[in-house]
1. Straight-line reach only, C-alpha to C-alpha below 17 angstrom: list the aspartates and glutamates that residue 38 could link to, leaving out same-chain residues fewer than 8 apart.
2. Any chance you could give the angle, 0 to 90 degrees and rounded to 10, that helix 83-103 forms with the longest Cα principal axis of the chain?
3. Students often get this wrong, so check it: of 56/79; 56/96; 56/81, which have C-alpha atoms separated by over 30 Å?
4. Average projected area of the Cα convex hull of the chain, in nm²?
5. Hey, what do the phi angles of the stretch 66-82 turn into as Karplus ³J(HN,Hα) couplings, whole Hz, using 6.51/-1.76/1.60 and θ = phi - 60°, x for Gly and Pro?
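FYI, it's all coordinate maths here, none of it is from the lab. All of these numbers come straight from a predicted model, not from anything done at the bench.
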Amino acid sequence: MIGSMEIIVSSLVALLLFGPDKFPEFARSLGKAVGEFKNELRKAEISVDNMEEFAKADHNQDIDSHIRKLAEEGGIETKGKTTNEVLESLSDVFNKMNEIKLKK
């Protein structure tokens, strides 16, 4: 972070380089540039956050579709059921399979 001493020194150097007539114009342009930079940085942060949320949602959809596909391959009806209901049905089937294996 820039401290107050650095700002004072930079302002004095700019004043010497640009002169008293051009200094206010330079300061205004610098202020606008910093403001635009901060605005674009905020937009980029929001964009990254949105991309992360989209990736998580897309990943969850992939998991849901995989669960439903597995259930359908096992002969379980998935239409009209939530993912949790499908998982419960799969769990019941696996438990029954384990019981059959244990009886043998």
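1. 49
2. Value to nearest ten degrees: 40.
3. Flagged as over cut-off: 56/96.
4. Averaged projected area of the chain's Cα convex hull equals 13.2 nm².
5. Running phi through 6.51 cos²θ - 1.76 cosθ + 1.60 with θ = phi - 60° gives 5, 4, 5, 5, 4, 5, 5, 5, x, x, 9, 6, 10, 5, x, 9, 6 Hz.
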